[in-house]
Amino acid sequence: MVPERAGGYNGRRMKFRSVPVAAACRGELVFVLATDGAVPDAGPLLRGAIAAAKATGDLATAARKVSLFHQPAKAACKRLGFVGCGTRAQLTTEQLRRVAAVAQAAAERAEVADFALIVPAAALGDVEAEAAGRAVAEGLVLGAYVYAPPRRKAPKPRAGQKCRVAAAGLARRDEAAFQRGLELGRIGAEATAFARDLENQPSNVCTPTTLAQAARRLAGGRLHVKVLDRPAMQKLGMGALLGVARGSDEPPKFVVLEYRVPGAKRNACVVGKGLTFDTGGISIKPAGKMDEMRYDMCGAGAVLGFFHALAHGGLGEHRPKHNFVGLIAATENMPGPNAQKPGDVVRAMDGHTIEVLNTDAEGRLVLADAICYARKFHDPAVVVDLATLTGAVVTALGHEMAGIMGNDQRVIEALVAAGKAADEPLWQLPLWDCHKEQMKSKFADLANINGPQHGNGSTAGGAFLSYFAGDTPWAHLDIAGAAYGGLHKDYYKGGAAGTAVRTLLHWARTL
Ligand code: BES
Ligand code: MN
Ligand code: ZN
């Protein structure tokens, strides 16, 4: 039996709102961000209490350190706390995201459901006000994220947290920018939590059908969603995707999400690998860690999270010049009796024939048809695909960054910049003609793997995809490392990271 409702984040665990600093100085618990070498200025109401804390020498400023003071004299709050931000050189968006998550966790430990967070100007350092607001919001919301697994005894629901956030001592323009950032950060973080929830579900709960339903639930307003099933894919000639789906009883789904931007003509297409489980197929994977292949839909998770953000106002004031089209190729890769076999030749939607030398190199097969679909039906100005494509990218880059490659340096650089702004680093890998050459086959136009003598893994995947992108500006993000398994960092505590949602959102705002 499938657990009826696997647990998860309900998107409502952390509700924060932006308030004037005077309104943040009262209540059960007030946190102030404290930077090295500066007495934090959180406005006149807390000046005396902060000076007193400073005088006792207990006001810690070391990064992520929390100090709490009870019943501070002369203050209107019951408890006053500080979260250290470290030295000025340590003041980055990543640090702000982390200290906000530290404050959230400390409030939870103190069992205070309604607390305040004051961000003095000194805690911004050189970080721009909007970026600071974003980081703080992301830390609060993602810090509160927990994936609650299904249990015999349902855990008692966690009380929702409320947080009043105020910046102190900012110029009026910066204050407005900070508030704008808070709102954009909230939208991006809730979308990331939405992606994490889909990604964390086991494969018997989150199937291709589940992904399609999640997409359908986002539809409305400017967002239109349609789902193609197996017969529709057959009609379109998606032989590469369907070849992968053959081994599974679970029906494959191809999901199309269209977000219309007023006045835009062409489209930016974002394609996600949605393997809700990857056994490897007939080229079956070893048993150890195979359970992690539940995460093989994290490309699709990123796309769904991105559209969640779009549907909830994630573009803010920005009016990109393109519409957004999300394409999700969702299936399982199973070794069922009807599964494709090594050496089988399939035909992708654009006519390319492919020799499937390894059924475990299935991500590139499903993406091939998705990229063909984008080019045939959506006149893309740009295509970006996201996929947990290769173990080799984990070997090359680890879990703290994703690999990026493509056929258009400007597209790549725009994405790298977006990743940097979102603190989700992308590192470019080469995609040269020598790599493309490796993908040619004697028995078909292309083979889905290169030879063991070649050595390169991630760029082989990218090179294969480049044939389907043709001359359309395109970039490929290999998120196999970044999707899960990274260092724990206050706003991420293991499991699926919901990676790339914030990067895509950032990128979308610059188009
Ligand atoms: N989903 C895997 C890639 C993967 C591996 C993701 C480890 C996350 C962690 C992908 O479908 C795969 O199996 N790739 C093969 C390609 C090979 C057969 C050329 C791989 O990386 O081993
Ligand atoms: Mn595989
Ligand atoms: Zn896979």
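The values are calculated or read from the model by the stated rules, or taken from the named source; none is laboratory data. All of these numbers come straight from a predicted model, not from anything done at the bench. All Cβ positions, even for glycine, are placed from backbone atoms using ideal geometry, and neighbour counts span all protein chains on display. These area figures cover heavy atoms from the full protein model, side chains too; ligands, DNA and RNA do not enter into them. Shrake-Rupley method; radii C 1.70, N 1.55, O 1.52, S 1.80 Å.
What number comes out for the charge environment of Asn333, summing +1 per Lys or Arg and -1 per Asp or Glu over other residues with Cβ under 11 Å away?
Once all neighbours under 11 Å are counted, the net charge is -3.
Given the convex hull of the Cα atoms of the chain, what is a quarter of its surface area in nm²?
24.1 nm²
Of the cross-linked pairs Lys162/Lys489; Lys156/Lys289; Lys226/Lys420; Lys285/Lys341, which ones have a Cα-Cα span greater than 26 Å in the structure shown?
Going by Cα-Cα distance, Lys156/Lys289; Lys226/Lys420 fall outside the 26 Å limit.
Calculate one ³J(HN,Hα) per residue across region 94-99 by plugging θ = phi - 60° into the Karplus curve 6.51 cos²θ - 1.76 cosθ + 1.60, and present them in order as whole Hz with x for glycine and proline.
Once θ is set to phi - 60°, the couplings for region 94-99 become 4, 5, 5, 4, 5, 5 Hz.
Using a cut-off of 13 Å between beta-carbons, work out the net charge of the residues near Ala34 (Lys and Arg +1, Asp and Glu -1, Ala34 not included).
+1
For the chain, with only Lys/Arg (+1) and Asp/Glu (-1) charged at the beta-carbon, what is the dipole magnitude about the Cα centre, in debye rounded to 20?
1760 debye
Heavy-atom accessible area per residue, region 93-202, 1.4 Å probe: how many Å²?
With the other protein chains kept in place, region 93-202 gives 39 Å² per residue.
Leaving out ligands, DNA and RNA but keeping every protein chain, what accessible area does Thr459 have, in Å² rounded to the nearest 10, with a 1.4 Å probe?
Here the residue's solvent-accessible area equals roughly 10 Å².
How high is the relative contact order of region 202-487, in percent, counting Cα pairs under 8 Å that sit 6 or more residues apart?
Once divided by the residue count of region 202-487, the mean separation gives 22 percent.
Out of every Cα-Cα pair in region 404-475, what percent are more than 15 Å apart?
Summing the P(r) of region 404-475 above 15 Å gives 55 percent of all pairs.
Beyond 31 Å between alpha-carbons counts as too far, so tell me which of Lys235/Lys442; Lys65/Lys273; Lys273/Lys436 fall in that bin.
Check vs 31 Å cut-off fails for Lys65/Lys273.
To one decimal place, what Kirkwood hydrodynamic radius in Å is obtained for region 15-198 from all pairs of distinct Cα atoms?
Here the Kirkwood hydrodynamic radius works out to 16.3 Å.
Give me, ordered by chain and number, the residues 5 or more places off Gln428 or on other chains with an amide H under 5 Å from its own placed amide H.
Long-range HN contacts for Gln428: Ile404.
Would you kindly derive the ³J(HN,Hα) couplings of region 340-354 from the backbone phi angles with the Karplus curve 6.51 cos²θ - 1.76 cosθ + 1.60 (θ = phi - 60°), listing them in order in whole Hz, with x for Gly and Pro?
5, 10, x, x, 4, 10, 10, 10, 7, 4, 8, x, 3, 9, 10
So the label point goes 7 Å from the Cα of Gln428 along Cα→C-beta, right? Which residues of region 472-511 then have their backbone N under 16 Å from it?
473-478
In whole percent, how big is the carbon plus sulfur part of the accessible area of the chain, probe 1.4 Å, protein atoms only?
Answer for the chain is 52 percent, counting heavy atoms of protein chains only.
Checking a compactness column here: for region 202-487, what do you get for Rg(Cα) / (2.2 N^0.38 Å), N being the number of residues?
Ratio of Cα Rg to 2.2 N^0.38 Å: 0.92.
Just reorder Arg216, Arg151, Arg222 by solvent-accessible area, largest first, 1.4 Å probe, all chains present.
Order by accessible area, largest first: Arg151, Arg216, Arg222.
In nm, what is the difference between 0.36 nm times the number of residues separating Lys226 and Lys156 and their Cα-Cα distance?
Result: 21.5 nm gained on full extension.
Whole Å is fine, so just give me how far the alpha carbon centre of region 482-511 lies from that of region 22-36.
Here the answer is 28 Å between Cα centres.
Would you mind checking which residues have amide H under 5 Å from Ile282's amide H? H placed 1.01 Å from N; only 5 or more apart, or other chain.
HN-HN under 5 Å from Ile282: empty list.
Would you please give the residues with an amide H less than 5 Å from that of Val270, counting only those at least 5 places away or on a separate chain, with H modeled from the backbone geometry?
Val325, Gly326, Leu327, Val384
Mind giving me the FRET efficiency for Phe443 and Lys54? R0 is 45 Å, r the Cβ-Cβ distance, nearest 0.05 is fine.
The value I calculate is 0.05.
Give me a comma-separated list of calculated 3J(HN,Hα) values for region 58-73, in order, Karplus coefficients 6.51, -1.76, 1.60 applied at θ = phi - 60°, integers in Hz, x for any Gly or Pro.
9, 7, 7, 10, 4, 3, 6, 7, 10, 10, 10, 10, 8, 6, x, 4
Please tell me the relative contact order of the chain in percent, rounded to the nearest whole number, where contacts are Cα pairs under 8 Å and at least six residues apart.
15 percent
Toward the positive end of the charge dipole of the chain, about the Cα centre and with charges on Cβ (Lys, Arg +1; Asp, Glu -1), which of Pro72, Ala329, Ala100 goes farthest?
Pro72
So if I take the centroid of the Cα atoms in region 278-357 and the same for region 174-226, what is the distance between those two points in Å?
The distance from the Cα centre of region 278-357 to that of region 174-226 comes to 17 Å.
Given a Förster distance of 22 angstrom, what is the FRET efficiency for Arg173 paired with Lys420, based on the Cβ-Cβ distance and rounded to 0.05?
Plugging the Cβ-Cβ distance into 1/(1 + (r/R0)^6) gives 0.40.
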